[in-house]
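Here's the structure, in structure tokens; my notes come after.
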Amino acid sequence: MPFTELQLELDERCARGLLRQRRTVSSPQTPELVVEGKPYLSFSSNDYLGLANHPDIISALQQGAAEYGVGAGAAHLVCGHFTPHEQLECELAAFAGKPAALLFSTGYMANLGVVQGLVGRGDTVFADKLNHASLNDAMLLSRATVQRYRHNDMAQLAVLLAQTGRGRKLICVDAVFSMDGDMAPLPELLALCVAHDAWLLVDDAHGFGVLGHQGRGSLSHFGLSSPRIIYMATLGKAAGVSGAFVAAEQAVIDTLINNAHSYVYTTASPPALACALRQSLQLIAEEDRRRAHLHQLIAQLRTGLHGLPWQLMPSDTAIQPLLVGDNQAALALSMALRARGIWVAAIRPPTVPAGTARLRITLSAAHTEDDVSRLLEALHELAR
Ligand code: PMP
């Protein structure tokens with residue numbers, strides 16, 4: 001049988017505690033999550049502002065579907081670019097403080113599109129070793145030379161930049177690292193870009209909506225603005241819906257519209273999603289109380305996690321990983337929480353480096369202080 005080899009590989013993964021399996025959810029994405037028929041208190045979603053189940057966004061989606069139907073029916077460049085797509089792009093550009101913006105169907109596709117659309121053979125891409133998988137795949141797709149530097153090691157990056165000769169230079173970085181929760185030193189990165197005439201692609205999947213004035217993201221958090229920065233953020237996390245956008249100079253956006261395969265050769269996302277996202281963007285900008293509450297919960301969690309045998313990683317964001325180390329031990333801890341009605345995913349290699357398996361705890365403005373206390377009590381009990 002041609003599949004015997006595949007099954008052996010899967011069995012081996014399973015024996016090492018590395019088999020990935022899905023679980024079916026039958027509730028909306030809220031902290032009270034119903035998984036395979038059982039209710040859990042969840043600390044695993046990226047719905048950082050608690051918007052994924054917001055009634056105003058749901059009704060915007062419904063109205064959008066009533067007005068524009070369900071499917072876009074074509075790629076943006078053919079006849080699938082609808083009024084709400086156009087309006088949303090204008091609003092996102094203004095919100096990000098950039099001249100123009102472009103919608104993509106997912107963040108994964110946005111990263112593929114930006115890197116492949118802007119650089120190619122003869123160019124060089126520089127990347128933090130802990131960047132998201134979509135940026136890593138994007139670099140391979142682009143056929144540019146790839147230079148990866150140690151996590152947040154600006155001295156090594158400076159050396160690599162200085163050694164690089166002709167061609168375009170693009171530094172790609174997660175603003176908030178998805179499995180660690182810490183941030184990239186964006187001011188230093190921008191300074192290096194200026195010194196070496198490079199561009200900076202900032203993937204703000206986990207900062208958009210959460211950080212900065214009105215949730216404008218990591219650039220606002222650091223007070224940064226430069227035409228060299230190509231800003232990308234996802235819309236399926238804090239924005240609570242789906243999709244992603246890139247905001248940049250008009251020439252960059254026009255180049256992507258012409259060159260980015262993951263933009264050109266794919267059906268546009270449903271226009272009703274853009275209607276929902278316009279409503280979400282308004283809530284992100286207006287409802288500072290969601291961010292204030294989230295930041296209070298982060299402080300409560302960090303204070304309460306002291307004294308546990310697992311290392312709390314340095315993070316001020318909604319991503320608060322607890323480092324366990326061993327794969328099976330991380331899985332066992334996740335299962336023990338599950339037995340207590342709490343859902344926290346264990347993240348294992350290759351998503352994180354070998355020996356650094358962890359519980360990836362994420363907080364949402366939809367959590368209450370009592371929810372966080374319940375998680376803390378369970379962890380302290382398990383540590384005893
Ligand atoms: N970049 C980062 C840093 C991410 O964490 C993710 C999602 N895990 C993505 C990009 C991909 O975004 P999407 O889920 O919209 O494809």
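Okay, here's what the table says:
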item	result
Cα centroid separation, region 306-384 to region 121-145 (Å)	30 Å
Hz values of 3J(HN,Hα) by residue in region 161-169 - Karplus curve (6.51, -1.76, 1.60), Gly and Pro given as x	5, 5, 7, 8, x, 6, x, 6, 10
Amide H partners (placed H, <5 Å) of residue 201, local residues excluded	171, 172, 173, 230
Proximal lysines to residue 237, defined as alpha-carbon separation beneath 23 angstrom and excluding residues fewer than eight positions away on the same chain	98, 129
Label-point separation in nm, residue 323 to residue 351, each point 7 Å along Cα→Cβ	1.8 nm
Set of aspartates and glutamates with alpha-carbon distance to residue 169 below 12 Å, sequence-local pairs under 8 removed	123, 197
Placed amide H near residue 182: partners under 5 Å, 5+ positions off or other chain	177
Mean projection area, nm², convex hull over Cα of region 55-286	11.5 nm²
Kirkwood-type radius of region 324-384, with distances r between different C-alpha atoms, in Å	12.1 Å
Exposure proxy ranking, count of Cβ atoms within 10 Å, fewest first, for 306, 293	306, 293
5 angstrom amide H check on residue 149, placed H, neighbours 5+ away	127, 128, 129
Cα extents of region 226-274 along the three principal axes, largest first (Å)	29, 26, 14
Relative exposure of 193, 14, 275, judged by other C-beta atoms within 10 Å (fewest first)	14, 193, 275
Calculated from backbone phi, Karplus (6.51, -1.76, 1.60) coupling profile of region 287-297 in Hz, x at Gly/Pro	9, 4, 4, 5, 5, 4, 5, 4, 5, 5, 5
Mean Cα-pair separation over length for the chain, i.e. relative contact order, pairs under 8 Å, 6 or more apart, %	23 percent
Tensor-based shape of region 281-356 (alpha-carbon gyration tensor, a/c under 1.5 rounded, otherwise prolate or oblate)	prolate
Helix-only [θ]222 nm of the chain, DSSP H runs n ≥ 4, -39500 (n - 2.57) each, per residue, nearest 500	-13000 deg cm²/dmol
Whole-Hz ³J(HN,Hα) from phi, Karplus 6.51 cos²θ - 1.76 cosθ + 1.60, for region 34-42, glycine and proline x	9, 10, 6, x, 10, x, 9, 8, 9
Order of 16, 360 under a 10 Å beta carbon neighbour criterion, fewest first	16, 360
Most mobile listed residue (270, 55, 31) in the chain, GNM with C-alpha springs under 10 Å	55
Separation between Cα centres of region 30-90 and region 222-245, rounded to whole Å	17 Å
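Laboratory data are not the source of any read-out in this text; all were calculated from the coordinates shown. Just so we're clear, the structure is a prediction, and the values are computed from it rather than from any experiment. Cβ atoms come from the backbone with ideal geometry, glycine included; neighbour counts cover every protein chain shown.
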